[in-house]
Amino acid sequence: MNQMMKFATITTALLLGACASRPAPNPGDAADVVQAKLGTPTSVYGEGAARTLEYATGPMGQYTWMAQLGPDGRLTSYEQVLTGEKFATIKVDQATKDQVLRTLGRPAERSRVAMHDYEVWSYRYKEAGVWNSMMHVHFDIQGVVRQMLNGPDPMYDPKERSPW
């Protein structure tokens with residue numbers, strides 16, 4: 001096992017252990033109670049009482065939790081968003097960067113595709129809860145989603161292959 005795989009495996013185990021030890025927030029919890037249970041969010045989307053608190057484990061993690069706070073500042077939902085089902089809610093030719101951030105949180109990686117002048121946001125996740133995968137969301141110069149592609153996460157691709 002190469003050093004990067006060892007590092008990724010150890011980091012993932014530590015992050016999952018840390019997440020498992022935190023008590024999950026309950027619907028109706030006030031924002032301060034949510035943060036007391038989960039810690040400081042990695043990002044906050046929206047202003048005022050109604051906002052979304054992001055708890056991302058990236059760039060190497062495969063999980064991002066979003067805590068939705070209603071207009072009264074209380075928790076309305078808390079979910080892990082890096083799933084095939086959540087990716088399916090992103091509408092090609094309609095969704096914007098802001099909508100993707102509010103739905104999926106920050107990406108693990110950002111890159112460019114020069115041929116189309118697309119910016120690509122890549123998200124690590126477990127396809128069907130099993131396969132180490134990446135979803136690539138392609139944005140045009142106006143910041144609109146033009147394409148989404150998924151495939152295996154190269155971080156988990158064995159570099160040492162047998163010639164047989």
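List the residues whose amide H sits under 5 Å from the amide H of ALA108, counting only those 5 or more places along or on another chain, with H placed 1.01 Å from N in the peptide plane.
Amide H neighbours of ALA108, under 5 Å, 5+ apart: SER122, TYR123, ARG124.
Given bins 5 angstrom wide, list per bin the percent of all Cα-Cα distances in the range 20-73, short to long.
5, 19, 31, 26, 12, 6, 1
In 10 Å bins starting at 0, how do the alpha-carbon pair distances of the range 29-156 split up by percent?
Spelled out bin by bin, the range 29-156 gives 13, 42, 32, 12, 1 percent.
Straight-line reach from LYS126: which aspartates and glutamates have a Cα under 20 Å away, not including same-chain ones fewer than 8 places off?
Those aspartates and glutamates meeting the cut-off are GLU54, GLU79, GLU85, GLU109, ASP153, ASP157.
For LYS37, LYS91, which order do you get if you count the other beta carbons within 10 Å of each Cβ and list the fewest first?
Values: LYS37 16, LYS91 11.
Going from least to most buried by this count: LYS91, LYS37.
Provide TYR55, TYR125 in ascending order of the number of other Cβ atoms located within 10 Å of each residue's Cβ, fewest first.
Fewest-to-most Cβ neighbours within 10 Å comes out as TYR55, TYR125.
From zero up to wherever the largest Cα-Cα distance of the range 94-164 sits, split into 10 Å bins and tell me the percent of pairs in each.
P(r) for the range 94-164, in whole percents per bin: 19, 45, 25, 8, 2.
Any read-out appearing in this document is the output of simple, stated calculations on the displayed coordinates, not a laboratory observation. Worth saying up front: this structure is predicted, and the values here are computed from it rather than measured. Virtual Cβ from ideal backbone geometry, glycine too; neighbours counted across all protein chains shown.
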